[in-house]
């Protein structure tokens, strides 16, 4: 029963991560186009995009949070292997477990406070005082949305680390 649940959860999270990474990839392509157009307009025509910097900042936030669960799953994040390179066996498993646990705590905090803060900003109608006046809630909603699959990936990795091996 538990094995089926975690198998279904892993399939669901994997599919969701693929969608998020696809969206993040498209955003990265858009980001590159905006920067190239902005630079061209700025240096050749002395007329930069007024909204270019703001959209670039928002896209960088979205790309980061939409891709972080996939990066965690693929072990593509930056690690300091000074400690892990020196240990093996059970100690390495415990060290990885502690690391996953800490990532899970951070993800849970980001989910909770991210949703709370997003809802608060939405209810109060807070806008970013810039050229396009983007609602803050639309900017920060990506934090809990991207942190949820990260938290689920942590659960899957912890289970694989301690149960299936």
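No lab work stands behind these numbers, since they all come straight from the coordinates. Fair warning: this is a prediction, and the values are worked out from it, not measured in the lab. Please note: Cβ atoms are built from the backbone with ideal geometry, for glycine as well, and neighbour counts cover all protein chains shown.
Below are the figures for this structure:
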{"quantity": "Residue 71 paired with residue 112, simple spin-label distance in nm, labels 7 Å along Cα-to-beta-carbon", "calculated": "2.5 nm"}
{"quantity": "Relative contact order, percent, the chain [alpha-carbon distance under 8 Å, six or more residues apart]", "calculated": "29 percent"}
{"quantity": "Value at 222 nm in deg cm²/dmol, rounded to 500, when DSSP H runs of n ≥ 4 in the chain each add -39,500 (n - 2.57)", "calculated": "-27500 deg cm²/dmol"}
{"quantity": "Binned Cα-Cα distance frequencies in the chain - 5 Å width, integer %", "calculated": "1, 8, 13, 15, 16, 14, 11, 8, 6, 4, 2, 1, 0"}
{"quantity": "Length added when fully stretched, residue 160-residue 14, from 0.36 nm per residue minus Cα-Cα", "calculated": "51.1 nm"}
{"quantity": "Inter-part distance where region 1-60 and region 77-155 are each reduced to a Cα centre, Å", "calculated": "17 Å"}
{"quantity": "Volume per residue that the Cα convex hull of region 47-109 spans, once the total is divided by residue count, Å³", "calculated": "113 Å³"}
{"quantity": "Linear extension gain, residue 102 paired with residue 61, 0.36 nm per residue minus alpha-carbon span", "calculated": "12.6 nm"}
{"quantity": "Alpha carbon convex hull of region 1-92, volume per residue in cubic angstrom", "calculated": "126 Å³"}
{"quantity": "Evaluated over region 80-165, the Cα radius of gyration and Dmax, each in Å", "calculated": "18.2, 55"}
